[in-house]
Amino acid sequence: MSSWPGIIAYYREHLKVDHRATPITLLEGNTPLIPAPRLAAEIAPGFDLFLKYEGLNPTGSFKDRGMTAAITQAAFEGARATICASTGNTAAAAAAYSSRAGMRCFVLVPEGKVAAGKIAGALAYGAEVIQIKGSFDDALTMVREISEKRPVALVNSLNPYRLEGQKTAAFEICDSLGRAPDWLCLPVGNAGNISAYWMGFCEYHANGKAAARPRMLGAQAAGAAPLVLGHPVENPETVATAIRIGRPARGEQALQAAEESNGRIIAVTDDEILTMWRRLAREGIFVEPASAAGVAGLAKESREGRLNLSGATVVAVVTGHGLKDPDAVIQRAPEMKIIPAEVEALDKLIG
Ligand SMILES: *Cc1c(COP(=O)(O)O)cnc(C)c1O
């Protein structure tokens, strides 16, 4: 069997990345689509649920798909530096792919609001990490402006190549199921990913690679739900830091994807997110809190009688790895027991 070449080489004919560009790749993509029958049965009888485990990408989130495309194109165009605003995962991915391309990378993150594993990644990969006394939305405004003045490539999902790369996850899902799912559930923050998935499903459908298109179910955190409320949120707050965004750059496109697909974007509370986050871990799938929002949204819609899942095939995207946010676990776990290094003590504890 020949080995996986990364998403650009594998899906080249479907991507608008310049065909002369040499891919800057860490062999991202080809992530597993894991059946979750026990969890499905708890949500509703008689449907199939699969989890697209995007935490298994090289830097631990789906952002690698977008970043391989954005950095490949930027390198081809001669860029020497990249910049992005990030809630964390974009920073880690931008840092890794920029370093691999020999470019400098600047990342702006909201001070004190980024999970430890993400900052660690960005620093380790060699990015210049700048904390700002403001929100992700403020950071995005700043990098947009500076990238117009300075020769630095903006690699947020405003960059169209990001969506080109991220749409490959929709292709993988269709290739692996042999069809499009009936529903695709995922968390929504800056709204690039839901837009990219919808683009991918539409293109595969138009090319005759999939007979149908799924309905999209996007989930925002209740404290950061501008697309549900219909207006920007000034001070977004949620435990799901990856989707703590009040002014999504791809908001219009996301709403259009929801509407065209006959789907919707809903809000889930932090409690609902954390409950599903724990439940996923009991399935052996450890994700960061934001990643559980899509599945939490599915469960909520079903519980409240707004979804008929009978006979359906549903894919929920779990977007980032749990190891990115160790504090989320440690703060909520019961205190670990400490015993003397004696077998009697262990025996007493277990018994
Ligand atoms: C970026 C991110 C999201 C949100 O994706 P958007 O494209 O911003 O909507 C969700 N989960 C994780 C883990 C992320 O890193």
- Within segment 133-157, the count of residues that are of a type in the set (A, V, I, L, M, F, W, C) and farther than 21 Å from residue 96 by Cα comes to 2
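For (1) basic (Lys, Arg); (2) more than 27 Å from residue 93 (Cβ to Cβ); (3) in contact with a Leu (Cβ under 6 Å, 6 or more places away or on another chain), each residue gets a yes or a no:
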position: 202; (1), (2), (3): no, no, no
position: 214; (1), (2), (3): no, no, yes
position: 229; (1), (2), (3): no, yes, no
position: 232; (1), (2), (3): no, no, no
position: 237; (1), (2), (3): no, no, no
position: 247; (1), (2), (3): yes, no, no
position: 253; (1), (2), (3): no, no, no
position: 265; (1), (2), (3): no, no, yes
position: 283; (1), (2), (3): no, no, yes
- Select from segment 275-317 the residues that are away from the ligand (no atom under 16 Å from the Cβ) and of a type in the set (Ser, Thr, Tyr) and write down the one among them that is nearest to the chain's Cα centre (by Cα). 275
- Task: Return only the number of the condition from (1) part of a strand (DSSP E or B); (2) at pLDDT below 95 that residue 50 does not satisfy.
- Result: (2)
- Message: What are the pairs with Cβ atoms under 8 angstrom where one residue, in segment 177-199, is in contact (Cβ under 8 Å) with a residue 12 or more places away in the chain and the other, located anywhere, is among the aromatic types (Phe, Trp, Tyr) and within 8 Å of the ligand (Cβ to nearest atom)? Sequence gap at least six, or different chains.
- Response: 193/62
- Query: Out of segment 1-47, which residues are closer than 16 Å to residue 161 by Cα, among the aliphatic types (A, V, I, L, M), part of a loop (DSSP other than H, G, I, E, B) and touching a residue at least 60 places away in the same chain (Cβ under 8 Å)?
  - Reply: 15, 17, 24
- Query: How many residues does segment 159-199 hold that are within 12 Å of the ligand (Cβ to nearest atom) and on the phi > 0 side of the Ramachandran plot?
  - Reply: 1
- Does residue 208 meet the test of being within 16 Å of the ligand (Cβ to nearest atom) and either over 22 Å from residue 306 (Cβ atoms) or outside any strand (DSSP E or B) (or both)? no
- Looking at this structure, is residue 153 touching a residue at least 40 places away in the same chain (Cβ under 8 Å) and among the aliphatic types (A, V, I, L, M)? yes
- Task: For segment 299-330, enumerate the residues that are out of contact with any helix residue (DSSP H, G or I) (no Cβ under 7 Å at 6 or more places or on another chain), touching a residue at least 24 places away in the same chain (Cβ under 8 Å) and in a loop (DSSP other than H, G, I, E, B).
- Result: 310, 311, 312
- Mind checking whether some residue in segment 155-173 is out of contact with any Ser or Thr (no Cβ under 9 Å at 6 or more places or on another chain), charged (D, E, K, R) and surrounded by fewer than 24 Cβ atoms within 10 Å (Cβ to Cβ)? no
- Item | strands (runs of 3 or more DSSP E) wholly inside segment 53-137 that include at least 1 residues being free of Cβ contacts under 8 Å to residues at least 60 places away in the same chain, under 23 Å from residue 29 (Cα atoms) and away from the ligand (no atom under 12 Å from the Cβ) | 104-110
- Query: Does residue 265 qualify as being of a type in the set (Val, Ile, Thr), crowded, with 21+ Cβ neighbours inside 10 Å, under 17 Å from the mean Cα position of the chain (by Cα) and within 19 Å of residue 115 (Cα to Cα)?
  - Reply: no
- Every residue from segment 208-224 that is surrounded by fewer than 23 Cβ atoms within 10 Å (Cβ to Cβ) and either aliphatic (A, V, I, L, M) or farther than 16 Å from residue 259 by Cα (or both): 208, 209, 211, 212, 222, 223
- Note on the structure: How many residues of segment 142-158 are within 12 Å of the ligand (Cβ to nearest atom) and not in a loop (DSSP other than H, G, I, E, B)? The answer is 0
- Query: Between a first residue in segment 207-218 that is under 19 Å from residue 14 (Cβ atoms) and a second residue that is among the aliphatic types (A, V, I, L, M), which pairs have beta carbons less than 6 Å apart while being 6 or more apart in sequence or on different chains?
  - Reply: 210/180; 212/180; 213/180; 214/180; 214/184
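The values are calculated or read from the model by the stated rules, or taken from the named source; none is laboratory data. Since the structure is predicted, the reported quantities are computational estimates derived from the model, not experimental observations. All Cβ positions, glycine included, derive from the backbone under ideal geometry; neighbour counts span all protein chains shown.
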